[in-house]
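Novice: Right, I'll just put the structure down here and ask away after.
The values are calculated or read from the model by the stated rules, or taken from the named source; none is laboratory data. Just so we're clear, the structure is a prediction, and the values are computed from it rather than from any experiment. Cβ atoms come from the backbone with ideal geometry, glycine included; neighbour counts cover every protein chain shown. All accessible areas refer to the heavy atoms of the entire protein, side chains included, with ligands and DNA or RNA removed. Shrake-Rupley method; radii C 1.70, N 1.55, O 1.52, S 1.80 Å.
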Amino acid sequence: MEKITFPPLVEYLRENAAEYNQLYYQQELKSGKMDPVLLSRWIVRVVEPIVAAAAEVSPESLPVVFKSFYVSLLSLLTGNLSLTYERQYEEAWSLCGLVPGLIAKQPQRMINALNSALLSLRQYQPGRVGDWIRLMGQTAIYCKTTVEFLNCGRITAWLCGMSHLREKAIMIYPGLAEEIKTVMKSEKLPASPDDLLNHPWTDAAKFKFQGVAGGFHGYGNAFTRPPLVAGLNGRIVASDGNTCCALFADALGTVLIRDVPLATERVTTSASVLPAKPFTEKDLNIRLCFDDMTSCVTLNSSVVITRSSSHYLFIYNYPEIN
């Protein structure tokens, strides 16, 4: 079995073996048996290098850094997430080794943020988790504070299709280090980050179909019946009469957040086939060639419609909408 070799960590664990054994048995009583070989492997391959890097910068941080990772690892192993998504967690946690000074100061905050980011990305952009980890690996080295690391994570998540983070990105992107911005600008994107922050869509002169969101609940999607869409409180929301969802979409991706705390009646009674200017219902029907449109909303540079024949939300861009 793999062994810990970092002398300060070996000594610390020898002195505190009883405490960590107690934590181990408490977690097993709470959540069930775990594989001790897997635990050992994770500690040696992932946790120990991070602890060693943090201890080199701040020797006194070793106890709190190791304990933060150990407790988080126990939860990860008993929840089986480490088996299903082992590579993702290993690569994401290893990012901490790139910023030893930051992990030495606030280890639990950074671990929680990484775990939360993985969970959100798997939910809304599962195919982009690896891209997010890669981009964070290229930018994290330039982060000087924990806040900058967290903000960098939010921006990179937006660049990986998490469109609901665009408003936060608008606020925090200008304050990022220039080195971080340079890395982000080198990414293969529909346009530069600066242009995408100024306008959510590309092809500014065109009325263009951008995709769909939602779908039939029977296939694991959002709606049990064809939904209606409306604009409420500056947000695009949709409901099938049973649940409400919030839609976010831009050139980088589409996110449909389910089960938002909103009365379904507010959406269904606010829905209309008469969109805001510059469109009329006739104009939209001519552009879309649909004869079964049930609702439409225009917000900023997006047009979203619903149809009686579909469980989807149909998304278009039209940059001239105010």
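Novice: For the range 7-196, how big is the tail of P(r) above 19 Å, as a whole percent of Cα pairs?
Specialist: More than 19 Å apart: 60 percent of the Cα pairs in the range 7-196.
Novice: Here is a follow-up. Local charge sum around I315 (other residues, Cβ-Cβ under 12 Å, Lys/Arg +1, Asp/Glu -1)? It would help to have the intermediate numbers written out before the result.
Specialist: Working: positive: K208; negative: D250.
For residues surrounding I315, the net value is 0.
Novice: Ok, one more. Considering Cα pairs under 8 angstrom that are at least six residues apart, work out the relative contact order of the chain and quote it in whole percent.
Specialist: Details: 487 pairs, mean separation 39.8, N = 322.
Reported as a whole number, the value is 12 percent.
Novice: Which value, in debye to the nearest 20, describes the size of the charge dipole of the range 208-317 about its Cα centre when Lys and Arg Cβ atoms bear +1, Asp and Glu Cβ atoms bear -1, and nothing else is charged? Could the numbers behind the result be given before it?
Specialist: On the way: 9 positive and 8 negative charges, 29 e Å.
Its charge dipole is roughly 140 debye.
Novice: On alpha carbon coordinates alone, what is the Rg over Rh value for the chain, Rh being the Kirkwood radius?
Specialist: Details: Rg = 23.8 Å, Rh = 22.2 Å.
Value, to two decimals: 1.07.
Novice: Rounding to the nearest 20 debye, state how big the charge dipole of the range 98-153 is about its Cα centre with +1 on each Lys and Arg Cβ and -1 on each Asp and Glu Cβ. Don't skip to the answer; put the middle values down first.
Specialist: Working: 6 positive and 2 negative charges, 12 e Å.
Computed charge dipole of the range 98-153: roughly 60 debye.
Novice: Under the rule of at least 5 residues apart or a separate chain, name every residue whose amide H is placed under 5 Å from the amide H of K208.
Specialist: Residues meeting the criterion, in which the H sits 1.01 Å from N, are N317.
Novice: Within a Cβ distance under 14 Å of G218, other residues only, what is the Lys/Arg minus Asp/Glu net charge? Numbers along the way, then the final one.
Specialist: Values: positive: R225; negative: D240.
Cβ neighbours under 14 Å give a net charge of 0.
Novice: In addition: In square angstrom, what is the accessible area per residue of the range 7-196 with a 1.4 angstrom probe?
Specialist: Working: 8940 Å² over 190 residues.
I get 47 Å² per residue for this part.
Novice: Where does helix 146-159 land angle-wise versus the long Cα axis of the chain, in degrees 0 to 90, nearest 10?
Specialist: Between the helix axis and the principal axis of the chain, the angle is about 40 degrees.
Novice: On to the next question. Could you check what % of the DSSP bridge pairs in the range 208-317 are antiparallel, to the nearest 5? Spell out each step's value before the answer.
Specialist: Working: 31 of 32 bridges.
Restricted to the range 208-317, the bridges split so that about 95 percent are antiparallel.
Novice: Say the dipole of the range 7-196 comes from +1 at the beta carbon of Lys and Arg and -1 at that of Asp and Glu; which of L23, M136, W42 then lies farthest toward its positive end?
Specialist: Sorting the options by dipole projection puts first M136.
Novice: Between the range 25-97 and the range 173-218, how many Å separate their Cα centres?
Specialist: 35
Novice: Also, I was wondering about something else. Mind listing the long-range amide H neighbours of L232? Cut-off is under 5 Å, sequence gap 5 or more, other chains count too, H placed in the peptide plane at 1.01 Å from N.
Specialist: HN-HN under 5 Å from L232: V237.
Novice: Tell me the Kirkwood radius of the range 61-141: reciprocal of the mean inverse pair distance over distinct alpha-carbon atoms, in Å.
Specialist: Details: mean 1/r = 0.0768 Å⁻¹.
Averaging 1/r across every pair of different Cα atoms and inverting gives 13.0 Å.
Novice: Same structure again: As I understand it, the value is the acute angle between the Cα axis of helix 17-31 and the longest principal axis of the Cα atoms of the chain; what does it come to in degrees, rounded to 10?
Specialist: 40
Novice: Given a 1.4 Å probe and every protein chain left where it sits, what share in percent of the accessible area of the chain is carbon and sulfur? List each step's numbers first, then the result.
Specialist: Values: 8220 of 15610 Å².
Using a 1.4 Å probe with all protein chains present, the chain comes out at 53 percent carbon and sulfur.
Novice: Then there's this: Where the convex hull is taken over the Cα atoms of the range 44-96, what is its projected area averaged over directions, in nm²? Please list the in-between numbers first.
Specialist: Values: hull surface 13.6 nm².
Orientation-averaged projected area of the Cα hull: 3.4 nm².
Novice: To continue, here is another question. Using only Cα positions of the range 208-317, each an equal point scatterer, no hydration layer, compute I(q)/I(0) via Debye at q = 0.12, 0.19, 0.24 Å⁻¹ and quote the log10 values to two decimals.
Specialist: Values, matching the q order: -0.34, -0.91, -1.49.
Novice: If you don't mind, another one. Using a 1.4 angstrom probe, figure out how much accessible area the range 208-317 has per residue, in square angstrom, rounded to the nearest whole. Before the final figure, lay out each step's value.
Specialist: On the way: 5090 Å² over 110 residues.
Heavy-atom accessible area per residue stands at 46 Å².
Novice: A follow-up question, please. Place +1 on the Cβ of every Lys and Arg and -1 on the Cβ of every Asp and Glu in the range 208-317, take the dipole about the Cα centre, and give the residue among A238, Y312, S302 whose Cα lies farthest towards its positive end.
Specialist: In the range 208-317, that residue is S302.
Novice: Helix 129-139 versus the longest principal axis of the chain: what is the Cα-based angle in degrees, 0 to 90, to the nearest 10?
Specialist: Computed tilt is about 70 degrees.
Novice: Now for a separate question. Using +1 on the beta carbon of Lys and Arg, -1 on that of Asp and Glu, and nothing else charged, what's the dipole of the range 7-196 about the Cα centre, debye to 20? Can you show the working numbers first?
Specialist: Values: 19 positive and 19 negative charges, 87 e Å.
The calculation lands at about 420 debye.
Novice: Charges on Cβ only, +1 for Lys and Arg, -1 for Asp and Glu, centred on the Cα centroid of the chain; of S192, A177, S94, which one is farthest towards the dipole's positive end?
Specialist: Of the options given, the answer is S192.
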